[in-house]
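Down below is the structure, laid out as structure tokens.
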Amino acid sequence: MLFRDLIKEAIDILQKENIADAVNDAWLLSEYALSINHQKYYMDMNITVDDDQREKYMELVAKRAAHIPLQHITGHQEFMGIDFIVNENVLIPRQDTELLVEKALELIEGKSRQLSSEGQEKEFKILDMCTGSGCIAISVKKICDEKNIPVKMTAADISDKALEVAKQNAKMNETEVTFIQSDLFENVSENFDFILSNPPYIPTKVIGELEVEVKEHEPFNALDGLEDGLHFYRLITDEACNLIKENGYIVYEIGYDQGELVSDILRKKTTYVKVYKDLGNNDRVVVAKF
């Protein structure tokens, strides 16, 4: 069978099932299952696949047509240019969250340069609360290591299954992170220079309105911010105040409409609060200095 006929069939199936990125997903699955991407196809537009290859590919297309996330089918997602293992036990890392990592790195590098100019060197202690796949903790630690900035990274999550995935990701990316199973700060007692968090922030009533890929295939507890979506910001802020060092920072990811609401929670504890927008011009990250 000609590959061009197969890819057209796959795209048609995905489009009929209202898969948002039908064309892109069909090609990504072909690269994953058949090692055929655009470049290989355009080098030989008469490339063929045998019956076994077709069957293997179409099985994956059927899964995607059933709205199983592409990342759960392939088992991987790129984040900050780093490969991460993902499954149904963790949120799929998203581009929006990269802004949190970028802002955290700016702050860490800024403090490192300041200390260096004063002839000092310090190992920064950083906590990633609600770590999930570990994408935030591992990215920050890996990039700091590359920049020779001393960092001791700790990551906490209530879910043992999520931590299993995070540990796999740290091992795969050869990055040293201390993982703690903890209901927020229950098992966390150290003081930190930075606390980073992408906590559950979607109001419970809104989860049912999300796309099928999210509401049926990603972990509910990692989405549910309870009644108003702000539950975990309140808890983390209250408890983090006891663990943040002087001149330390909290860096949160937030929902697109939560900039002022989360800022108000933080202003009860500190006067330095700043909101950053993502590429879609939506509020996405809040930084507070203590």
Scan of the range 153-168 for residues that are open to solvent by 10 Å² or more (accessible area, probe 1.4 Å) and either within 16 Å of Phe232 (Cα to Cα) or touching a Lys or Arg at 6+ places or on another chain (Cβ under 8 Å) (or both), ordered by number: Asp157, Ile158, Ser159
One residue from Lys142, Lys171 being charged (D, E, K, R), in a helix (DSSP H, G or I) and surrounded by fewer than 20 Cβ atoms within 10 Å (Cβ to Cβ): Lys171
Entirely in the range 177-290, the strands (runs of 3 or more DSSP E) that have 3 or more residues that are surrounded by fewer than 20 Cβ atoms within 10 Å (Cβ to Cβ) and out of contact with any Gly (no Cβ under 7 Å at 6 or more places or on another chain): 178-181, 244-253, 272-277
Leading residue by the ranking (farthest from Asn281 (Cα to Cα)) among those in the range 51-65 that are among the aliphatic types (A, V, I, L, M) and surrounded by fewer than 18 Cβ atoms within 10 Å (Cβ to Cβ): Met58
Check on Ile82, of a type in the set (Val, Ile, Thr) and either within 22 Å of Lys16 (Cβ to Cβ) or touching a Leu at 6+ places or on another chain (Cβ under 9 Å) (or both): no
Some residue of the range 86-105 being farther than 28 Å from Ser139 by Cβ and small (Gly, Ala, Ser): no
Test result for Leu223, closer than 21 Å to Val101 by Cβ and of a type in the set (A, V, I, L, M): yes
Criterion: surrounded by 14 or more Cβ atoms within 10 Å (Cβ to Cβ), free of Cβ contacts under 8 Å to residues at least 40 places away in the same chain and not in a helix (DSSP H, G or I) - qualifying residue of Ile68, Ile19, Ile36: Ile36
Residue ID - farthest from Leu235 (Cα to Cα), chosen from residues in the range 88-131 that are open to solvent by 80 Å² or more (accessible area, probe 1.4 Å) and part of a loop (DSSP other than H, G, I, E, B): Glu118
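The values are calculated or read from the model by the stated rules, or taken from the named source; none is laboratory data. Everything quoted here is computed from the prediction, not taken from an experiment. Neighbour counts are summed over all protein chains in view; Cβ atoms, including those assigned to glycine, are modelled from backbone coordinates with ideal geometry. Surface accessibility is based on the protein's heavy atoms, side chains included, excluding ligands, DNA and RNA. Shrake-Rupley method; radii C 1.70, N 1.55, O 1.52, S 1.80 Å.
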